[in-house]
Amino acid sequence: SMVWLKNRDDFPGFNSVYGEYFSEGPPARSALVCDFLIDIKVEIECTAYKPEN
């Protein structure tokens, strides 16, 4: 997943919540601070795979 945070100080809290949802075998993740975000604090982009079986 790709994560953009508006404020660097939000990373510890975000990381804690992210860990609650992805506690075992978390997906690869990149996190960046980006002050170009307008009216939002966090943006997350994910790609998922679901096998046909």
Fill in the blank from the handout: Low-density loop chymotrypsin sites (Phe, Trp or Tyr not before Pro), the chain, at most 14 other Cβ within 10 Å, DSSP non-H/G/I/E/B, are Phe22, Phe36, Tyr49
Practice task
Quick one: grab the alpha carbon gyration tensor of the range 2-45, order the square roots of its eigenvalues as a ≥ b ≥ c, and give me rounded if a/c is under 1.5, else prolate or oblate depending on whether a/b is larger than b/c.
Solution key: prolate
Fill in the blank from the handout: From fewest to most C-beta neighbours within 10 Å, the residues Ser16, Ser1 line up as Ser16, Ser1
Exercise for the section: Just need the relative contact order of the range 2-45 here, percent rounded to a whole number, with Cα pairs under 8 Å and 6+ apart. Expected result: 70
Fill in the blank from the handout: Most exposed first, judged by fewest Cβ atoms within 10 angstrom, Glu52, Glu45 run Glu52, Glu45
Practice task
Tell me the label-point distance for the pair Glu20, Asn53, using the 7 Å Cα-to-Cβ offset, in nm and rounded to one decimal.
Solution key: 3.4
Practice task
Could you state the angle between the C-alpha long axis of helix 11-21 and the longest principal axis of the C-alpha atoms of the chain, as a value from 0 to 90 degrees rounded to the nearest 10?
Solution key: 20
Practice task
Could you list Val3, Val17, Val42 in order of exposure, starting from the residue whose Cβ has the fewest other Cβ atoms within 10 Å?
Solution key: Val17, Val42, Val3
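Bear in mind that the values in this text are calculations on the coordinates, not laboratory data. Remember, it's a predicted structure, so these values are computed and weren't measured experimentally. Quick reminder, even Gly has a Cβ in these numbers, built from the backbone with ideal geometry, and neighbours come from all protein chains shown.
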